[in-house]
1. Within straight cross-link reach of A:Lys45, meaning Cα distance under 18 Å, which lysines are found once same-chain residues fewer than 8 apart are removed?
2. Over all alpha-carbon pairs of segment B:139-279, lay out the pair-distance distribution in 10 Å bins, whole %, shortest bin first.
3. Whole-Hz Karplus ³J(HN,Hα) for segment B:10-23, in order, using 6.51 cos²θ - 1.76 cosθ + 1.60 and θ = phi - 60°, x for Gly and Pro?
4. Residue by residue through A:44-53, how many Cβ atoms from other chains fall within 10 Å of the Cβ on average?
5. Please work out the ratio of the alpha-carbon Rg of segment A:4-74 to 2.2 N^0.38 Å and round it to two decimals.
6. Hey, what did segment A:34-87 get for relative contact order, percent, Cα under 8 Å, at least 6 apart?
7. Hey, if you put +1 on the Cβ of every Lys and Arg and -1 on every Asp and Glu Cβ in the protein assembly as shown, which of B:Ser143, B:Tyr30, B:Gln271 ends up farthest toward the positive end of that dipole?
8. List the residues, sorted by chain then number, that are 5 or more residues from B:Ile29 or on another chain and whose placed amide H is less than 5 Å from its amide H.
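Just so you know, all these numbers are worked out from the coordinates, no wet-lab data involved. Here the structure is a predicted model, which means the values were calculated and not measured. Note that we place each Cβ from the backbone using ideal geometry, even for glycine, and neighbour counts take in every protein chain shown.
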Amino acid sequence: MKIDFESGIPIYLQIADQIEDAVLSGIFPEDTQVPSTTELSTLYKINPATVLKGVTLLAGNGVLYKRRGVGMFVCAGAKEKIQARRKQSFFENYVASLLSEAEKLGISPDEVISMIKEGAEND
Amino acid sequence: MIEVRNVTKKFRNVTALQGLNVSFGENRIYGLLGRNGAGKSTLLNLMTNRLVPTEGFLYMDGFPLTENDKALGKIACMGEDTLYEPSVRLRRIFEWTAIFYPGFDSAYASALAEKFGLDVRKKIGQLSTGYRSIFKLILTLASGAEYLLFDEPVLGLDANHRQLFYAELLARYSKRPCTVILSTHLIEEIANLIEHVVIIKNGRILLDRPSEEIQSMGFTVSGRKEAVEEWCAGKNILGSQEIGGLMLAHILGEHSGVPASLTVTPLDLQQLFIHLTNS
């Protein structure tokens, strides 16, 4: 996990994204505890309120739930929820920027498609 | 809450603070920023009653702060000066501090000393600049006070000890919520630690805002010089830089309607500070 302080993306969103990434990659399986606000805040040297905002966002999204007096845990089905939500923004986040960079470099959409196929085969 | 109301402080014919109004609420981490001589230390010394205001009043939870032992006992301040007699041993000062601050946590102070590699058997006069800062940091962190004031907390500390201090401060804050006021020149290091920013310039408050709002206060546009100049006309420009045909302009306000030919990057707290406090 790494926070990019220069990116201009609000820190609390980065915290939320990083926890989501860890859930997606299986670092935090369902019903396991995620690091506490204090742990995250001392690790990255950021204000606990900022961390809390990111964690609260995930609790509102159905990714995390709170066990009173214990901490925050990963919800059942969190992975599927995150995947469904991220698929929706995949076009804006990746496809649109890919095409605009390709246009700058004079790469045609057809060439992009063949590059993607090639990449998928090599993977 | 500590409230500073219409406070003016004069030293003979020098006015250090001029009609200052600011409040520090409970359980928040504040950054108190300003250039050298702006009046930061004067403000901190007034809040701890080491100085008396020329005009105006200071309040703690609604009661006057001046000569108020109960209120002052809630505040611990790590000052710039080291006023202890050089021949006194550190552990003796821990014992004395426990008398002034009944909430002083000796076990915590010892644990911190160990983490920082500070030998409490040493005399205060034997400490290097960095370890003098560390010793005073420990006294303040372990004081048990509800308001922790730090004037240049990391003066002389190496990178390892600075990181350790920030981590310990956050751990202390999470365990026992308190109000923290950090006055420092190392803005980048505390930018994400603080919840609220207060900037002083020439003895007056220049900015008093939640950190969250800082990023939306301004932005930087860059691109071809002519294009930047044309787009920036009539906008509130904080400053600009030119490198060959490339121009960067720092602008105050919301960014909207920036053409695609220009690149927008966020303005961070340090850049905002530099441009706002440049005379």
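1. Qualifying lysines at Cα under 18 Å: A:Lys2, A:Lys53, B:Lys115, B:Lys175.
2. The percentages, shortest bin first, are 10, 34, 27, 18, 10, 2.
3. My calculation for segment B:10-23 gives 10, 10, 6, 9, 9, 9, 7, 10, 10, x, 7, 10, 7, 10 Hz in order.
4. Counting other chains' Cβ atoms within 10 Å and averaging over A:44-53 gives 6.
5. In units of the 2.2 N^0.38 Å rule of thumb, it is 1.04.
6. 28
7. B:Ser143
8. B:Val180, B:Glu195, B:His196
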